[in-house]
Amino acid sequence: MTPHPLLEVQGIQAAYGDTIALWDISFKVGEGELVVLIGPNGAGKTTTLRAVEGVMKPRSGKVTFKGEDITGLHANKTVAKGVALVPEGRGLFTRMTVEENLQLGAFSKRARSNLERNLELVYNLFPMLKERSRQKAGSLSGGEQQMLTIGRGLMSQPQLLMLDEPSLGLAPIVVMQVFEALTQIKHKVSILMVEQNVEAALSIGDRAYLIENGRIILEGKPEELRNAPIMRESYLGL
C-alpha cells in the first residue's frame, strides 16, 4: 500500500517544441518513500523531473504537492514549497569551499533560519564533507562532489528531494556509499530518483516506474519489476 501521497502526478504531457517527450505520465511519491524512475536514455525520465520542478511547463495534466496544485509553477516557487531538484552534472562553484557551496543551497527564508541544523544533517550524512569543509569544491573527487551536490540540495530543507542520475560516473563502491546515505534520510525527506543503474536503483527503492518513449509501461515494488519479463530481458540481463 502506497503511503499518503506527498507528490501526485496525473496524466502530464510535455514537449520540446513539436516533439512530445511525455505522454500521459502518472505516478505518486508517498511520505517517507524512495521512488525510482528507470529506463533507457531519452525515455523522458529527466523531463519528468523538470516538469515536476517547474523548469518546464506541462502541456496538460496536473502536478500536486501536499494536496496543492503546483502545475507549471516556477522552479523558485516549488523550491520554497519544499521540492528540490539535484540535476545531473553537479554544477558546483569549484572555486568556493565545500561549506560555501552548502550555504548557497539555503536560499529560502525557511532554510536560512535553520542553516546550522541543516549543515549538521549534511555533515552527519556525509562526514567527509565536514572534514573537507574548508577545501575548494573543485579539489574534491567525483564521488565527494556528488555528495556535496546532494548535500546542497538538502540545505534547502526539502520535503521532496529529486535526484537526476546520482550514480553517473561514480565507482561502484562510491555508488554504494551515496545510495546508503539516501536510505538513511528518506524518513526525513521523500526521494524521487532518476537512475540508469537499474539494479542499484531497485536495491534501495521502495517502488519503481519503468519509462520508455515517454510512457510508463511498468510499475510496482522492486521485486515485482525484477520478475517482469521485459526487465529481465532488457535491463537485468537475466
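Some observations on this one:
- Net charge over other residues, Cβ less than 14 angstrom from the Cβ of residue 221 (K, R count +1; D, E count -1): -2
- Inter-label distance for residue 59 and residue 196, nm, one decimal - labels placed 7 Å from Cα along Cα-to-Cβ: 2.6 nm
- Between the alpha-carbon centres of segment 170-227 and segment 33-112 there is a gap of 17 Å.
- Fully extending the segment from residue 88 to residue 236, taken as 0.36 nm per residue of separation minus the present Cα-Cα distance, adds 51.0 nm.
- Cα-based helix-to-principal-axis angle, 115-125 vs the chain, degrees rounded to 10: 70 degrees
- The coefficient of translational diffusion for the chain, derived via Stokes-Einstein from the alpha carbon Kirkwood radius under 10 °C and 1.306 mPa s, stands at 88 µm²/s.
- Residue 10 paired with residue 113, simple spin-label distance in nm, labels 7 Å along Cα-to-beta-carbon: 3.2 nm
- Taking a sphere under 14 Å around the Cβ of residue 114 and counting the other residues whose Cβ falls inside, with K and R at +1 and D and E at -1, yields a net charge of +3.
- Angle in degrees between helix 142-154 and the longest Cα principal axis of the chain, rounded to the nearest 10: 80 degrees
- Largest GNM mean-square fluctuation across 123, 16, 209, computed for the chain with C-alpha springs under 10 Å, falls on 16.
- Evaluating kT/(6 pi eta Rh) at 4 °C and 1.567 mPa s, with the Kirkwood radius of segment 88-157 over Cα pairs in the Stokes-Einstein relation, gives 112 µm² s⁻¹.
- Summing charges over all other residues whose Cβ lies under 11 Å from the Cβ of residue 28, with Lys and Arg as +1 and Asp and Glu as -1, gives -3.
- With coordinates expressed along the principal axes, the C-alpha atoms belonging to segment 151-238 extend over 40, 27, 22 Å, beginning with the largest.
Every number here is computed from the coordinates shown, using simple stated rules; none is lab data. Quantities reported herein were computed from a predicted structural model and do not represent experimental measurements. Glycine also receives a Cβ, built like all others from the backbone with ideal geometry; neighbour counts cover every protein chain displayed.
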